[in-house]
Amino acid sequence: MVTEVFTRKYCDPHAVRDEKVEATDVVQFAWEGTVREVDACDECKKEHEARYEPLVDYSRPVKKRRAPKKAAATEETPAPEAASSEE
Ligand SMILES: [Zn+2]
């Protein structure tokens with residue numbers, strides 16, 4: 001038996017309204033430090049851009065931040081074995 005599987009992406013904003021429109025684009029945006037994405041059709045992509053345009057105008061790009069403090073702290077803590085092997 002030969003089978004073919006097709007994956008179809010549907011526009012997320014349209015899906016919310018119970019409409020199935022094929023997605024032609026992926027819209028990426030960041031919210032509270034997390035990059036998120038939405039499958040969108042051409043129409044919704046333009047809508048998204050229009051919505052974000054003023055925000056982009058008065059914002060600035062963020063440079064990559066350093067590793068979160070938690071990760072750095074664990075690296076600096078010496079292993080108990082290493083500390084007792086000096087004698
Ligand atoms: Zn759409």
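The values are calculated or read from the model by the stated rules, or taken from the named source; none is laboratory data. Values in this document were obtained by computation on a predicted structure and should not be read as measured data. Cβ placement follows ideal geometry from the backbone for every residue including glycine, while neighbour counts extend to all protein chains displayed.
Laid out as a table, the results:
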item: Qualifying positions in region 9-18 - more than 9 Å from the ligand (Cβ to nearest atom) and under 21 Å from the mean Cα position of the chain (by Cα); result: 9, 16
item: Wholly enclosed helices (runs of 4 or more DSSP H) of the chain bearing at least 1 residues modelled with pLDDT of 95 or more; result: 12-16, 42-57
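Per-residue answers, yes or no, for (1) out of contact with any Cys (no Cβ under 9 Å at 6 or more places or on another chain); (2) more than 8 Å from the ligand (Cβ to nearest atom):
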{"residue": "4", "(1), (2)": "yes, yes"}
{"residue": "7", "(1), (2)": "yes, yes"}
{"residue": "20", "(1), (2)": "no, yes"}
{"residue": "27", "(1), (2)": "no, yes"}
{"residue": "31", "(1), (2)": "yes, yes"}
{"residue": "34", "(1), (2)": "yes, yes"}
{"residue": "37", "(1), (2)": "yes, yes"}
{"residue": "40", "(1), (2)": "no, no"}
{"residue": "49", "(1), (2)": "yes, yes"}
